[in-house]
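The values are calculated or read from the model by the stated rules, or taken from the named source; none is laboratory data. None of the values given here were measured: they were computed from a predicted structure. Heads up, the Cβs are rebuilt from the backbone with ideal geometry, glycines too, and the neighbour counts pull from every protein chain shown. Quick note on the areas: whole protein, heavy atoms, side chains included, nothing else; ligands and nucleic acids left out. Shrake-Rupley method; radii C 1.70, N 1.55, O 1.52, S 1.80 Å.
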Amino acid sequence: MADRLAAAATLRAAAPARPSASARRAGPSNSAFFPSSSSSSAARRLVSLRAAPSQKAKAAGRGRSVRCMAAASDAAQLKAAREDIRDLLKTTHCHPILVRLGWHDSGTYDRNIKDWPERGGANGSLRFDVELKHGANAGLVNALKLVQPIKDKYPSITYADLFQLASATAIEEAGGPKLPMKYGRVDVTGPEQCPPEGKLPDAGPSAPADHLRAVFYRMGLDDKEIVALSGAHTLGRSRPERSGWGKPETKYTKNGPGAPGGQSWTPEWLKFDNSYFKEIKEKRDQDLLVLPTDAALFEDPTFKVYAEQYASDQEAFFKDYAEAHAKLSSLGSKFDPAEGFSLDD
């Protein structure tokens with residue numbers, strides 16, 4: 001997973017008004033899709049319809065329950081969970097919030113801290129209330145509600161792997177590139193291991209380019225990766241009542257799918273392509289969102305090189321995005337086995 005993702009940015013007339021101080025303190029809710037409670041219920045029904053693990057598998061899962069909190073996931077159960085996630089996406093259209101779930105679990109990584117789990121990163125800590133209540137994670141409790149039935153069904157997978165699997169599957173099912181993911185992430189075991197608040201990007205800092213670099217450089221990512229990852233805003237909407245940014249609804253969001261409302265970055269906000277870069281560059285539609293951190297991609301000279309390339313070359317964007325997403329998904333993780341494993345081997 002995602003807010004994810006120099007002089008103060010000057011936005012075009014279509015840019016949203018700057019939110020109140022209280023809204024800014026609450027943190028951004030970028031790329032968020034907030035399913036209604038019925039979506040969560042549908043997810044539980046959908047998961048229950050798929051073949052459940054055998055009694056033998058359940059017994060094995062119970063016997064390993066303590067170990068599963070601190071060991072690699074079971075590859076067969078991860079593959080089965082991926083199929084359930086695909087079915088979930090078809091019925092709830094929850095691609096954006098699942099991407100954000102994975103990003104926000106991994107985006108707390110600090111390369112200057114060597115010890116696990118103090119260094120943050122993709123370790124499943126986002127399942128705990130103390131972290132879900134961070135301002136930047138507003139609404140992500142809905143994502144947890146969507147994937148929890150899958151976790152319950154497959155007890156031998158970790159939350160850390162499930163969150164990253166859900167995020168990667170959402171990108172691929174929305175038309176994005178195949179991501180070179182690896183699995184085997186170990187979970188933290190308690191809320192006392194959650195990272196402190198303030199590790200994730202803000203949508204409206206006074207110096208957007210500087211802010212993006214401060215956050216992503218801390219994770220060991222470079223300018224190209226910052227711009228590529230920002231392209232995930234091709235998916236999703238921002239809701240002003242949760243983030244302080246965007247319009248209550250637009251012609252692109254007033255009818256859903258899912259719970260209607262919010263403002264999207266692109267007209268087809270459930271399709272992963274390079275339209276995010278095209279729309280920011282052309283600045284032609286008042287109903288599309290441009291945050292200060294979005295505008296910075298075409299205002300900062302170094303960022304602009306990559307943003308221009310991705311606006312004109314979707315293949316280049318997909319290649320760089322796939323590499324950056326896979327890297328982000330592993331930041332700070334402890335793997336068992338140490339090298340991780342692929343589901344496509």
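Quick rundown of the values:
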| read-out | value |
| --- | --- |
| Test: residue in the stretch 140-156 that is surrounded by fewer than 19 Cβ atoms within 10 Å (Cβ to Cβ) and under 14 Å from the mean Cα position of the chain (by Cα) | yes |
| Options Ala311, Ala316; residue that is at pLDDT 95 or above, touching a Phe, Trp or Tyr at 6+ places or on another chain (Cβ under 9 Å) and surrounded by fewer than 19 Cβ atoms within 10 Å (Cβ to Cβ) | Ala316 |
| Count of the stretch 120-139 residues which are in a loop (DSSP other than H, G, I, E, B) and surrounded by fewer than 20 Cβ atoms within 10 Å (Cβ to Cβ) | 3 |
| The lone exception for Val290 - which of (1) surrounded by fewer than 17 Cβ atoms within 10 Å (Cβ to Cβ); (2) among the aliphatic types (A, V, I, L, M); (3) assigned to a loop (DSSP other than H, G, I, E, B) it fails | (1) |
| Residue list for the stretch 293-308, restricted to those being buried (at least 21 other Cβ atoms within 10 Å of the Cβ) and farther than 14 Å from Trp245 by Cα | Ala296, Leu297, Asp300, Phe303, Tyr306, Ala307 |
| Unmet requirement for Asp161, which otherwise passes all of (1) at pLDDT 95 or above; (2) under 22 Å from Tyr217 (Cα atoms); (3) of a type outside the set (Phe, Trp, Tyr) | (2) |
| Subset of the stretch 164-203 [open to solvent by 20 Å² or more (accessible area, probe 1.4 Å), under 26 Å from Tyr217 (Cβ atoms) and assigned to a helix (DSSP H, G or I)] | Gln193 |
| Members of the stretch 234-282 found to be part of a helix (DSSP H, G or I) and open to solvent by less than 10 Å² (accessible area, probe 1.4 Å), listed by number | Thr234, Ser243, Tyr276, Phe277, Ile280 |
